[in-house]
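Asker: Below is the structure I would like to discuss, written out as structure tokens.
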């Protein structure tokens, strides 16, 4: 699934190319792309609008349109957003925006999980508040904020990072990479972190995401950038998909386990497993 670095790479490529362009026509070729809204309603809402900006929120790509409306798109598992100049239609085309000047913005998706919604600008905050937490590359992500969001949670750190209501934009790849950088075991209870652990995790998150951005994202399976090119982050993985290979930090063997239904890669030798912290009431009873 494209994560924050992949979506941000697409955003950076599209912004100078389509900002100021007018959507001549919109075509929803697969009704699932716009569900539950009817395809014709979405097409009418987009046609004739000028794109005023390209933004990102978590794993969502936002086209800000004139008239106080926004097209929010999520690539899900296998979606791609491609900008083309007169090439034949790619396979698995689900929707397209025809822009003035002859270019098209194409949404392709083999597994058909990707979706889009047109929102009024005043609806954006409420829509994303129910779906996304703090932006990890913003000043809002601090060690104190991480500790606050993790407090009392028994779920493993890997599950905590995958929950978009905690930290937005992190998926399976960058959760593994962030935890390795932070030297934290993926099965550690999220609520077991001390302030120094939260700071290491904050730095690990930022470093992993910035590495992904420098490499143009990771192309393990279907991901392509807006130009149809693969990213290179898969060549820079420290632990993800490296089962049985030596740890780049300590030389131990990288292992694979399953956490929250996702393949999880880590070094058992140098990623410390934190112990669950007892609740205050339990400590008081033990003392008496």
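Asker: Identify the residue in segment 62-89 that is assigned to a loop (DSSP other than H, G, I, E, B) and free of Cβ contacts under 8 Å to residues at least 60 places away in the same chain and, among all such residues, is farthest from residue 11 (Cα to Cα). Before the answer, list the steps.
Answerer: From segment 62-89, those assigned to a loop (DSSP other than H, G, I, E, B) are 66-68, 75-79, 85-89; that's our starting set.
Right, trim to free of Cβ contacts under 8 Å to residues at least 60 places away in the same chain and you get 66-68, 85-89.
On the way: 66: 18, 67: 21, 68: 20, 85: 18, 86: 21, 87: 21, 88: 23, 89: 22 Å.
Per the criteria, the residue is 88.
Asker: For the condition outside the structural domain of residue 59 (by TED's automatic domain parsing), under 29 Å from residue 112 (Cα atoms), at pLDDT below 95 and loosely packed, with under 13 Cβ neighbours inside 10 Å, what is the one hit in 235, 221?
Answerer: Details: 235 fails: at pLDDT below 95.
After ruling out the rest, the residue left standing is 221.
Asker: While we're here: Among the numbered criteria (1) touching a residue at least 24 places away in the same chain (Cβ under 8 Å); (2) crowded, with 20+ Cβ neighbours inside 10 Å, which single criterion is violated by residue 247?
Answerer: (1)
Asker: Is it true that residue 201 is part of a helix (DSSP H, G or I) and touching a strand residue (DSSP E or B) at 6+ places or on another chain (Cβ under 9 Å)? Before the answer, list the steps.
Answerer: Details: part of a helix (DSSP H, G or I): yes; touching a strand residue (DSSP E or B) at 6+ places or on another chain (Cβ under 9 Å): yes.
So residue 201 fits the description; yes.
Asker: Let me ask something else. Within segment 108-131, which residues are surrounded by 14 or more Cβ atoms within 10 Å (Cβ to Cβ) and assigned to a helix (DSSP H, G or I)?
Answerer: Selection gives 123, 124, 127, 128.
Asker: Restricting to segment 132-165, count the residues that are in a loop (DSSP other than H, G, I, E, B) and crowded, with 16+ Cβ neighbours inside 10 Å.
Answerer: 10
Asker: Condition test on residue 25, is it assigned to a strand (DSSP E or B), in contact (Cβ under 8 Å) with a residue 40 or more places away in the chain and surrounded by fewer than 15 Cβ atoms within 10 Å (Cβ to Cβ)?
Answerer: Numbers: assigned to a strand (DSSP E or B): yes; in contact (Cβ under 8 Å) with a residue 40 or more places away in the chain: yes; surrounded by fewer than 15 Cβ atoms within 10 Å (Cβ to Cβ): yes.
For residue 25, the condition - assigned to a strand (DSSP E or B), in contact (Cβ under 8 Å) with a residue 40 or more places away in the chain and surrounded by fewer than 15 Cβ atoms within 10 Å (Cβ to Cβ) - is met.
The values are calculated or read from the model by the stated rules, or taken from the named source; none is laboratory data. Fair warning: this is a prediction, and the values are worked out from it, not measured in the lab. No Cβ is skipped: glycine too gets one built from the backbone with ideal geometry, and neighbour counts run over all protein chains shown.
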